[in-house]
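Asker: The structure under discussion is supplied below as structure tokens; questions concerning it will follow.
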Amino acid sequence: MKKTLLSIILSSLAIVSLTSCNNPAPNSSTTEYINQKDISVIYTSDVHCGLDDNLGYASLAAYKKNLAKTNEVLLVDSGDFLQGDFVGAISEGEYVVEVMNKVKYDIVTLGNHEFDYGISTMAKRLRELDSEIVCSNLKYTGSKENKIDFFRTYFIKDYGYKKIGFIGLTTPFTLVDSDPTHFIEDGETVYDFGSSSPEHFYKLVQDNIDECKGHGADYVVVLSHLGSLDNYKPYSSRDVIANTSGVTAFLDGHAHVDLPFEEVLNKKNEKTLLVDTGYKMDVFASLTFKKDGSISHEFVTEYEEKDAEVASFVQEINAKADEKGDKVVANIDLDLKITDDDGIRMIRTREMPIGDLVADGYREISGSMISFVNGGGIRNNLNKGDVTYRDIMNVHPFGNELLVKKTTGAKILDYLEFVCMNTSMERVKDGKPYGESGAFAQVSGIKYQIDTSIPTSVVTTEAGEFIRVDGERRVKNVQVLENDTYVDIDPNKEYTISSHNFLLNNGGDGANMFMNDPVVPGPVMLDYEVVINYIVDVLKGHLSEKYATSTGRIEVI
């Protein structure tokens, strides 16, 4: 619709008040607007560099453009956008920021993975982002340069006829979910996430809600990267809602669950909306504050229309990432294969040199005692000669996160028994691999025998999830590497193990025995980054001395 001169003039008079705890807002305008509109907040979270995954940014941009034909529109994000895929890793989030600027985000808060490239890089990326950065519970307490001094504790958008306050909350578990060393200066932790106690955290949130209300906010919306599930207690979004009041909606992230708008009772038994838009933009959502005072919402799981300009820009960004990905990062002196000499896949049935390399990378980079990598997660050969970033990434490509946990020898024995259920002395049948399992582990820091004459005694659910071992074990003579010597594993002893979150947190392949074990703080990177860093930085491309043959870690008898 063509705008009239009057509507253009009136639109140009809109007042935006930016406020923080340290910089109170001036009195709000009381201007009555002739062309008052409904106000829509479109929200994403945990996109994790998924530029064109699922709905993608081009569909989001089209949805935003269509809604803006009738409504005032704000686009917001609840964190974890800089990291999570090749395009982020290759540019340390720069390419993601370029796309978000193209789509025109207005307000974002931080996810725990915004910190994965370090504080300096994170701050650089967020200064490049043309959005307000709100984080109400993060404070720098050190004596050096405050690299996050441009963050706001909250932001109030003033339309004259309505004010909406936005509070940002980042999970306090970021101190361990990201690399803990990022938050330390001179041996001291100098970043405070407001988590001295749950009560302190709830009060901090309530104080910010009250300040927003005190500056005239008609509605308060929380961009929260807290997670709604029980394992995020006592700082989950549900905990915060139950211990505060005055918030209209929590636009949540961190849990990677699709949670359509749900009404949750707050401290005063009033209804607060809670929503989560899943992972890699399989969903986005909108919340509309209507002129008549009512609120509506939409949970968008399908949207066919795409903004052509944004779609084209995403293609350009992907091409830039591809160009960087094709850059040679190492020259290796050995062919490493997931197959035998006849081209039959063996990575899921036997110890393989490439499996030793990947597992060693996890143990070396993480500093754990033992590491496991499922054979189904090692997908490609690595050929001698010049190797690109993408070549190495294709070996271990899923974008799962390196994780370290503390567990018992008993659970390790159960795990080995579970992943060796299908292992057979016969490894090839009718020209195909026999006894395969994607869960079959390539290992480091541990060795053992699999006695295939003993039938498996593992009991599982119908879905294949581990329940127990109920009989004689086929995994024998399990030994752990300690001080460069292999010693018998102790079922009662605690060991640190490393793998990726697919296995250790999510119970991938049905191996659920480690899911509730405590996380040990360690370096934060994606699976393929582990392999790249190990080959490039540790081995310097010289593989032949360690990986020319298998080293007898897994013996099938």
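The values are calculated or read from the model by the stated rules, or taken from the named source; none is laboratory data. These figures come from a predicted structure and were not determined experimentally. Every residue, glycine as well, gets a Cβ built from its backbone with ideal geometry; the counts of neighbours run over all protein chains shown.
Asker: Based on what the data block shows, is ASP252 under 26 Å from the mean Cα position of the chain (by Cα), at negative phi, surrounded by 21 or more Cβ atoms within 10 Å (Cβ to Cβ) and of a type in the set (Asp, Glu)?
Answerer: Yes; evaluated as a whole, the condition is true for this residue.
Asker: Which of the following residues is modelled with pLDDT of 95 or more and in contact with a Phe, Trp or Tyr (Cβ under 9 Å, 6 or more places away or on another chain): GLU298, GLU270, GLU263?
Answerer: Testing whether each residue is modelled with pLDDT of 95 or more and in contact with a Phe, Trp or Tyr (Cβ under 9 Å, 6 or more places away or on another chain) leaves just GLU298.
Asker: Quick check: is even one residue across the stretch 123-133 part of a helix (DSSP H, G or I), under 22 Å from ALA249 (Cβ atoms) and without any contact (Cβ under 8 Å) to a residue 12 or more places away in the chain?
Answerer: no
Asker: GLN449: in contact with a strand residue (DSSP E or B) (Cβ under 9 Å, 6 or more places away or on another chain), within 30 Å of GLY50 (Cα to Cα) and not in a loop (DSSP other than H, G, I, E, B), yes or no?
Answerer: Answer is no for this residue.
Asker: Going by what's in this entry, would LYS306 be described as under 26 Å from the mean Cα position of the chain (by Cα), in a helix (DSSP H, G or I) and in contact (Cβ under 8 Å) with a residue 60 or more places away in the chain?
Answerer: It is false that LYS306 is under 26 Å from the mean Cα position of the chain (by Cα), in a helix (DSSP H, G or I) and in contact (Cβ under 8 Å) with a residue 60 or more places away in the chain.
Asker: Of all residues in the stretch 373-389, count the ones that are more than 23 Å from the chain's Cα centre (by Cα) and more than 13 Å from MET346 (Cα to Cα).
Answerer: Here the count works out to 7.
Asker: Give ILE392, ILE347 a once-over and let me know the one that is farther than 16 Å from LEU539 by Cα and of a type in the set (Val, Ile, Thr).
Answerer: Residue meeting the stated conditions: ILE347.
Asker: Now for a separate question. Please go through the stretch 362-393 and give me each residue that is free of Cβ contacts under 8 Å to residues at least 60 places away in the same chain and not in a strand (DSSP E or B), ordered by number.
Answerer: Going residue by residue through the stretch 362-393, those that are free of Cβ contacts under 8 Å to residues at least 60 places away in the same chain are 379-386, 391.
Residues satisfying the conditions are ARG379, ASN380, ASN381, ASN383, LYS384, ASP391.
Asker: If you don't mind, another one. For the stretch 174-202, what are the residues that are within 23 Å of ASP77 (Cβ to Cβ) and in a loop (DSSP other than H, G, I, E, B)?
Answerer: Hits for the stretch 174-202 are SER178, ASP179, PHE193, GLY194, SER195.
Asker: Let me ask something else about it. May I ask you to list pairs of residues, at least six apart or on different chains, whose Cβ atoms are under 8 Å apart, with the first in the stretch 456-469 being under 19 Å from GLY435 (Cα atoms) and the second being in a loop (DSSP other than H, G, I, E, B) and among the aliphatic types (A, V, I, L, M)?
Answerer: Qualifying pairs under 8 Å: THR456/MET421; VAL458/MET421; PHE466/ALA511; PHE466/MET513.
Asker: I'd like to check something: does the stretch 254-276 contain any residue that is touching a His at 6+ places or on another chain (Cβ under 8 Å), within 24 Å of TYR159 (Cβ to Cβ) and touching a residue at least 40 places away in the same chain (Cβ under 8 Å)?
Answerer: For the stretch 254-276, residues touching a His at 6+ places or on another chain (Cβ under 8 Å), within 24 Å of TYR159 (Cβ to Cβ) and touching a residue at least 40 places away in the same chain (Cβ under 8 Å): present.
Asker: Still on this structure, I have one more. Of the numbered conditions (1) under 25 Å from the mean Cα position of the chain (by Cα); (2) β-branched (Val, Ile, Thr); (3) over 10 Å from ASP46 (Cα atoms), VAL264 fails exactly one; give the number of that condition.
Answerer: (1)
Asker: While we're looking at this one, here's another question. If you go through the stretch 469-498, how many residues are in a strand (DSSP E or B) and at negative phi?
Answerer: 17
Asker: Looking at the stretch 499-517, which of its residues are assigned to a loop (DSSP other than H, G, I, E, B) and either more than 18 Å from the chain's Cα centre (by Cα) or not assigned by TED's automatic domain parsing to the domain that holds ALA441 (or both)?
Answerer: ALA511, ASN512, MET513, PHE514, ASN516, ASP517
Asker: Also, I was wondering about something else. Out of VAL96, VAL76, which single residue is crowded, with 22+ Cβ neighbours inside 10 Å, in contact with a strand residue (DSSP E or B) (Cβ under 7 Å, 6 or more places away or on another chain) and among the aliphatic types (A, V, I, L, M)?
Answerer: The unique qualifying residue is VAL76.
Asker: Need pairs with beta-carbon distance below 6 Å; first residue acidic (Asp, Glu) and within the stretch 109-120, second part of a helix (DSSP H, G or I) and surrounded by fewer than 24 Cβ atoms within 10 Å (Cβ to Cβ); sequence gap 6+ or separate chains.
Answerer: Within 6 Å, the pairs are GLU114/MET122.
Asker: Right, something else. Can you pull out the residues in the stretch 109-124 that are more than 20 Å from GLU211 (Cβ to Cβ) and either touching a strand residue (DSSP E or B) at 6+ places or on another chain (Cβ under 6 Å) or surrounded by fewer than 22 Cβ atoms within 10 Å (Cβ to Cβ) (or both)? I'd like the intermediate steps shown before the answer.
Answerer: Filtering the stretch 109-124 down to residues more than 20 Å from GLU211 (Cβ to Cβ) leaves 111-124.
Hits for the stretch 109-124 are GLY111, GLY118, ILE119, SER120, THR121, ALA123, LYS124.
Asker: A further question follows. If we scan the stretch 433-442, do we find a residue that is over 26 Å from the mean Cα position of the chain (by Cα), part of a strand (DSSP E or B) and assigned by TED's automatic domain parsing to the domain that holds GLY376? Reasoning before the result, please.
Answerer: First, the residues of the stretch 433-442 that are over 26 Å from the mean Cα position of the chain (by Cα): 433-437.
Pick out the ones that are also part of a strand (DSSP E or B) and you get 433.
Filter once more, so that each one left must be assigned by TED's automatic domain parsing to the domain that holds GLY376: 433.
For the stretch 433-442, residues over 26 Å from the mean Cα position of the chain (by Cα), part of a strand (DSSP E or B) and assigned by TED's automatic domain parsing to the domain that holds GLY376: present.
Asker: Then there is this: What is the residue count in the stretch 460-487 for residues that are within 32 Å of the chain's Cα centre (by Cα) and either among the hydroxyl-bearing types (Ser, Thr, Tyr) or exposed (fewer than 15 other Cβ atoms within 10 Å of the Cβ) (or both)?
Answerer: 8
Quick grid of which residues meet (1) β-branched (Val, Ile, Thr); (2) surrounded by 13 or more Cβ atoms within 10 Å (Cβ to Cβ); (3) over 22 Å from LEU504 (Cβ atoms):
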| position | (1), (2), (3) |
| --- | --- |
| CYS420 | no, yes, no |
| ALA439 | no, yes, no |
| THR456 | yes, yes, yes |
| ILE489 | yes, yes, no |
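Asker: Just a yes or no: is a residue in the stretch 84-102 closer than 24 Å to GLU401 by Cα, not assigned by TED's automatic domain parsing to the domain that holds VAL524, not small (Gly, Ala, Ser) and not in a helix (DSSP H, G or I)?
Answerer: yes
Asker: Enumerate the pairs (first residue in the stretch 539-557 and under 17 Å from ALA441 (Cβ atoms); second residue anywhere and part of a strand (DSSP E or B) and among the charged types (D, E, K, R)) with beta-carbon separation below 8 Å, excluding pairs fewer than 6 apart on the same chain, so at least 6 apart or on different chains.
Answerer: Matching pairs, first to second residue: GLY552/LYS447; ARG553/LYS447; ILE554/LYS447; GLU555/LYS447.
For (1) in contact with a helix residue (DSSP H, G or I) (Cβ under 6 Å, 6 or more places away or on another chain); (2) assigned to a loop (DSSP other than H, G, I, E, B), each residue gets a yes or a no:
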{"site": "SER143", "(1), (2)": "no, yes"}
{"site": "PRO172", "(1), (2)": "no, yes"}
{"site": "LEU204", "(1), (2)": "no, no"}
{"site": "SER224", "(1), (2)": "yes, no"}
